[in-house]
1. Can you pull out every residue in region 37-51 that is in a helix (DSSP H, G or I) and of a type in the set (A, V, I, L, M, F, W, C)?
2. What number of residues in region 16-36 are in a helix (DSSP H, G or I) and open to solvent by 80 Å² or more (accessible area, probe 1.4 Å)?
3. Considering only residues that are open to solvent by less than 80 Å² (accessible area, probe 1.4 Å) and assigned to a helix (DSSP H, G or I), which ones fall in region 1-14?
Amino acid sequence: MEVPLWLALLVVGWLGVKLIRPPAWFIVVLLLGGFLLADSVLAPAINTFIK
């Protein structure tokens, strides 16, 4: 069974918020920081580090 990545991330994120209950500002910082890093000059360096 193949699950789309966006659906898997949505489910994991929803479970994380329901079970761990992080503060709203922390969620916003993670989402905004990830969005900004993905479009920055550091993106290729992060990509090679992750792979």
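1. Result: Leu37, Ala38, Ala43, Ala45, Ile46, Phe49, Ile50.
2. First pass over region 16-36, keeping only residues in a helix (DSSP H, G or I): 16-20, 24-36.
Remaining after also requiring open to solvent by 80 Å² or more (accessible area, probe 1.4 Å): 18-20, 25-26, 28-32, 35-36.
So the count comes out to 12.
3. Passing the criteria: Leu7, Ala8, Val11, Gly13.
The values are calculated or read from the model by the stated rules, or taken from the named source; none is laboratory data. Bear in mind the structure is a predicted one, so any value in this text is a computation, not a measurement. Surface accessibility is based on the protein's heavy atoms, side chains included, excluding ligands, DNA and RNA. Shrake-Rupley method; radii C 1.70, N 1.55, O 1.52, S 1.80 Å.
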